[in-house]
Amino acid sequence: MKKLDIVLWYLPICFFIFLAIFIFVKFIFIFFFSAAFEPGFMFDLIPYYFLSGVNNLHLLLLSLIIIGFDAYLHLKISKKNLALSFIPTGIMLTGLGLKVATSDMTISNFLNYPIFGFLLIIVLTDQKHILAFPEIAILSEKEKLADKLAKYRPVIAKSRLDMAVESPILQIPAGGKPSGYVTAEEILTLHKETLYELRSIIKDDLSRVHDTLEELEHRTRKVDILEEEIRKRKYTATAQEANLNCPYAPSFEKRIHDDLVLYKDELVVNVKKEKQIPRDNPTIDKFVECAVILKRGVLKQVNHPFVQLLGFEKDIILEKNLFNFIAPEGLFDIEKYYINRLKGDIRKSCETVLLNSNNMKIHVEITITPTIYNGEAADIAIIREI
């Protein structure tokens, strides 16, 4: 379909240029070398052949002027020039149409029919191109394409509009002009329908990403509630074991000290139990790798390697949701990780894709470990580049 559009775009230009060169050369040979007045369609392009005072040279010169003017309008392409091109094309159609209607179908008049058909195809092609032009001006000469599209660039996450501009449909080479066309305005004109489709796709994608973020935040809150409930149950079970003087308390909740004491001339073991209180407000500044503290998906602490990885200022990153720095294609992995976590999966790591300040994609692996932050459940996330 794309090749057909290119052929239809260049068909009128090539046809009129070829016809103008042919008639010009024929005029030179007829005027200077007294060549034969053939083929006859050259003198039938203007309906003036009905007038008795006009000879063949006059008709040939007028035909050359009309065809040259029509070729110029198609070379200097614009909506106005395409509309004006209907005038010379209509004159040629009128002349050939009257000749075809009033003359017999002979060998000398045979070329009138294919030329008449070509002109009809050109009229339909010009009409199609006029409809492809927008009703208002797309861009002024002072406003460049990159400046126009930069208005839609997001602050943090890269939207698919930038991807669409980088696609082969609208890609502009470094030379300043796209191959096959003259200006960027012509590309936007020829692909008006494509731009409207891209705008619709972008709106749908942004809406879907927003819904996914809300769903992930909701599931993150559910995971936090479940983890808090599990932690309370562990503390309760530990307290019950302590009351039963059980020396086999879990290592992450209890510390057991065994002291040898003398009791009634016998050596016995005195077991002392202590609760190990989780460290509140852990620091991550000493981590060599990228590390953050997350509380329900919100970045509470970040270390210097993580700030360098993203390229944003630390004040911009803090109190932002981690999902704001994840590329759209990486949201699926995060969503899958939290769903598996709700199902009881004990895996603590997942892979995803981050976006830095230059909108470059970084493939990373995130390892999440529960912790306590300001007396509430939180997570320490270690981020490694893949």
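Tell me which residues, restricted to region 295-304, are among the small types (Gly, Ala, Ser) and surrounded by fewer than 17 Cβ atoms within 10 Å (Cβ to Cβ). If the condition is that a residue be among the small types (Gly, Ala, Ser) and surrounded by fewer than 17 Cβ atoms within 10 Å (Cβ to Cβ), then no residue fits. Kindly check whether there is at least one residue in region 66-82 that is free of Cβ contacts under 8 Å to residues at least 12 places away in the same chain and under 16 Å from Val25 (Cα atoms). There is no residue in region 66-82 that is free of Cβ contacts under 8 Å to residues at least 12 places away in the same chain and under 16 Å from Val25 (Cα atoms). In the list Leu299, Leu355, Leu310, which residue meets the criterion of being touching a residue at least 60 places away in the same chain (Cβ under 8 Å) and either of a type in the set (Asp, Glu) or at negative phi (or both)? Just one listed residue meets the conditions, Leu355.
Look at Thr367 and say whether it is among the hydroxyl-bearing types (Ser, Thr, Tyr), modelled with pLDDT of 90 or more, in a strand (DSSP E or B) and surrounded by 17 or more Cβ atoms within 10 Å (Cβ to Cβ). It is false that Thr367 is among the hydroxyl-bearing types (Ser, Thr, Tyr), modelled with pLDDT of 90 or more, in a strand (DSSP E or B) and surrounded by 17 or more Cβ atoms within 10 Å (Cβ to Cβ).
The residue list Leu59, Leu8 contains one member that is part of a helix (DSSP H, G or I), crowded, with 18+ Cβ neighbours inside 10 Å, hydrophobic (A, V, I, L, M, F, W, C) and modelled with pLDDT under 90, which is Leu59.
Here is a yes/no grid of residues against (1) free of Cβ contacts under 8 Å to residues at least 60 places away in the same chain; (2) closer than 22 Å to Leu206 by Cα; (3) crowded, with 19+ Cβ neighbours inside 10 Å:
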residue	(1), (2), (3)
Pro282	no, no, no
Glu289	no, no, no
Ile293	no, no, yes
Phe306	no, no, yes
Asp333	yes, yes, no
Arg347	yes, no, no
Asn374	no, no, no
Ala378	no, no, yes
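Identify, by number, the condition in (1) modelled with pLDDT of 90 or more; (2) more than 21 Å from Ala20 (Cβ to Cβ) that Ala101 doesn't meet. Evaluating Ala101 over (1) modelled with pLDDT of 90 or more; (2) more than 21 Å from Ala20 (Cβ to Cβ) leaves (1) as the failure.
The values are calculated or read from the model by the stated rules, or taken from the named source; none is laboratory data. Computed from a predicted model, the values in this text were never measured in an experiment. Cβ sites come from the backbone with ideal geometry, for glycine too, and all protein chains shown count toward neighbours.
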